[in-house]
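Below is one structure, written out as structure tokens, with a few remarks after it.
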Amino acid sequence: VIACLCILKTELRIEAYGELVPVDRVFIFAPEDGTIEQVNVSDGSNVAADEAICVLSNEDLEVQLERLEGELSETTARLAAIAALKGQPNAGPQAMLFSAEQLELEERSKSLTQQILIMERRTAALTLTAKMNGRVYGDRLPELFTNRPVLRGQFLFEVANPNLSLIHI
């Protein structure tokens, strides 16, 4: 029996299911919690690198940014007031207190400026762009996504270059 199996040649067939997908592809996820305000593409749309695909909004980020900007304005105004008081000839012993408060406010101003820069970067990231030239894949994107809430890390789109070789999954 073993000799027959070695001598006889038969065709071996294995069935498998899968799909062909482009090798060069990028998945786009929500960078923050928010609501999708605008979808600029539809399924099968060709996009260029850095082209805006959709825009999210996050009211919490906007409120935090406004709060930080208000605190920075308040701190800047207080610094200006201290500088004016220190410049008076009769400031006397209070000048030392003003100097200490001024140093504290200057550090607070630096911290608030850094926080504002971080919030501005997070807000700018709400405009999702294509990371490569390619085609957008998804089903009924504008209809399903517009005004829809999304969570940070949630899959939104796939952009792939259909002209490159395909892999079988």
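The values are calculated or read from the model by the stated rules, or taken from the named source; none is laboratory data. Just so it is clear, the structure is predicted and the values come from calculations on it, not from any experiment. Note: ideal-geometry Cβ built from the backbone for every residue, glycine included; neighbour counts use all protein chains shown. Accessible surface is based on the protein model in full, side chains and every heavy atom, while ligands, DNA and RNA are left aside. Shrake-Rupley method; radii C 1.70, N 1.55, O 1.52, S 1.80 Å.
For the chain, the fraction of 1.4 Å probe accessible surface lying on carbon and sulfur atoms is 56 percent. For region 1-73, GluC sites (Glu not before Pro) are listed when DSSP marks them as loop and at most 10 other Cβ atoms sit within 10 Å of their Cβ; the list is Glu11, Glu15, Glu19. Counting only heavy atoms of the protein chains and using a 1.4 Å probe, Ser99 has close to 40 Å² of accessible surface. Rolling a 1.4 Å probe over the heavy atoms of the protein chains gives region 24-78 an accessible area of 55 Å² per residue.
Of the listed residues Asp139, Asp33, the order by accessible area with a 1.4 Å probe, largest first, is Asp139, Asp33. For the chain, the longest principal axis of the Cα atoms and the long axis of helix 59-86 meet at an angle of about 30 degrees.
Histogrammed with a bin width of 10 Å, the alpha carbon distances of region 14-56 distribute as 18, 43, 23, 12, 4 percent, first bin at zero. Of the whole protein surface, Ile118 contributes about 80 Å² of accessible area at a 1.4 Å probe radius. Consider the candidate values [x] 2, 9, 19, 23, 22, 16, 8, 2, 0; [y] 1, 7, 12, 11, 9, 8, 7, 6, 6, 6, 6, 5, 4, 3, 2, 1, 1, 1, 1, 1, 0, 0, 0; [z] 1, 8, 16, 17, 16, 12, 10, 7, 5, 4, 2, 1, 0; state which one is P(r) over Cα pairs in 5 Å bins from 0, in percent computed from the structure displayed. It is the one labelled [y].
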